[in-house]
Amino acid sequence: MTKSNLARSNPGLAALADFANTRDDKQAVARFLRIHPGFVDEALKAGWPAMAQRKIVDPLNLASGAPLPDAPPPDRFAAIEQLPEDETFRLFRDLTRAAWSGSCKDLDLLLFTSFDESKGPAFSRADWQRGGLTYAPRNDFQAALYELLKSARFAKVCINPDCPARFFIAADPRARFCCKECATTFQRQAKLDWWNRVGKKKRAEKLKKKKPTRRGK
Ligand SMILES: [Zn+2]
Ligand SMILES: [Zn+2]
């Protein structure tokens with residue numbers, strides 16, 4: 001197995017992987033919400049308007065509540081008000097997938113959006129004891145996203161296009177497949193593609209050389 005124990009020993013990361021790997025259909029969405037009650041509820045409740053209204057706080061400019069400097073243009077979230085729950089679910093899932101694929105912009109959006117205004121926005125605070133900054137997540141979803149960031153080196157997307165669960169935490173940062181089956185399937189497919197693209201021609205050419213046609217040039 002190429003999957004790491006990190007995901008198994010970290011329930012937040014495991015839930016986040018499940019979230020990213022949830023399929024489009026309503027049943028899959030309902031299944032996730034049943035298995036991980038409360039995990040994305042705050043985000044779903046705040047919904048897409050929370051993003052549209054730019055409830056994102058720049059930790060360095062708390063007073064003005066200005067958006068992050070590299071937040072995406074507002075039109076990306078504009079004009080989306082009330083959406084069915086499964087649609088909002090997919091929008092947040094897709095942001096999570098983008099974050100998992102290394103998009104810091106999308107990760108910033110998720111980490112610093114205030115989903116529940118009564119709790120205030122999540123941001124970094126100075127931590128004298130540890131000698132660094134501490135991120136203060138406001139819910140399990142944001143806590144898991146921060147775990148993802150800390151494990152960024154191991155956060156991988158399986159390169160087998162037919163993989164049913166592409167987003168995984170690898171044991172080895174060089175890993176490209178989530179499991180042995182995916183590696184085998186992909187390599188078999190790659191060989192077949194090579195054969196169809198190159199191999200067939202090569203064999204035909206070889207045969208031609210052995211039996212040259214009489215037609216001269
Ligand atoms: Zn895979
Ligand atoms: Zn697999």
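Things worth noting here:
- Residue count for the range 169-183, restricted to those that are near ligand 2 (Cβ under 8 Å from one of its atoms), surrounded by 19 or more Cβ atoms within 10 Å (Cβ to Cβ) and outside any helix (DSSP H, G or I): 2
- Among the residues of the range 160-190, the ones that are near ligand 1 (Cβ under 8 Å from one of its atoms) and within 16 Å of the chain's Cα centre (by Cα) come to 8 in all.
- All told, Ala14 meets the bar of being surrounded by fewer than 18 Cβ atoms within 10 Å (Cβ to Cβ), of a type in the set (Gly, Ala, Ser), at pLDDT 90 or above and under 19 Å from the mean Cα position of the chain (by Cα).
- The range 5-36: number of residues that are farther than 19 Å from Leu110 by Cα and part of a loop (DSSP other than H, G, I, E, B): 4
- The set of residues in the range 152-191 that are under 26 Å from Leu133 (Cα atoms) and touching a helix residue (DSSP H, G or I) at 6+ places or on another chain (Cβ under 6 Å) comprises Ala155, Ile169, Pro173.
- Qualifying residues in the range 150-168 (those that are outside any loop (DSSP other than H, G, I, E, B) and in contact with a Lys or Arg (Cβ under 9 Å, 6 or more places away or on another chain)) - the one surrounded by the fewest Cβ atoms within 10 Å (Cβ to Cβ): Val157
- Test for Leu83: is it modelled with pLDDT of 90 or more and surrounded by 15 or more Cβ atoms within 10 Å (Cβ to Cβ): no
- Just one of the listed residues (Phe115, Phe186) is within 29 Å of Asn5 (Cα to Cα) and surrounded by 11 or more Cβ atoms within 10 Å (Cβ to Cβ), and it is Phe186.
- Test: residue in the range 138-149 that is of a type in the set (D, E, K, R), in contact with a Phe, Trp or Tyr (Cβ under 9 Å, 6 or more places away or on another chain), away from ligand 2 (no atom under 16 Å from the Cβ) and not in a strand (DSSP E or B): yes
- Looking only at the range 127-159, and only at residues there that are farther than 15 Å from Ala20 by Cβ and of a type in the set (A, V, I, L, M, F, W, C), the one that is farthest from ligand 1 (Cβ to nearest atom): Trp128
- In the range 150-167, of all residues being charged (D, E, K, R) and away from ligand 2 (no atom under 12 Å from the Cβ), the one that is nearest to Asn10 (Cα to Cα) corresponds to Lys150.
- Residue list for the range 86-128, restricted to those being among the polar types (S, T, N, Q), within 24 Å of Arg34 (Cα to Cα) and at pLDDT 90 or above: Thr96
- Asn61 among the polar types (S, T, N, Q) and modelled with pLDDT of 85 or more: no
The values are calculated or read from the model by the stated rules, or taken from the named source; none is laboratory data. Computed from a predicted structure; not experimentally measured. We place every Cβ from the backbone using ideal geometry, glycine too, and count neighbours over all the protein chains shown.
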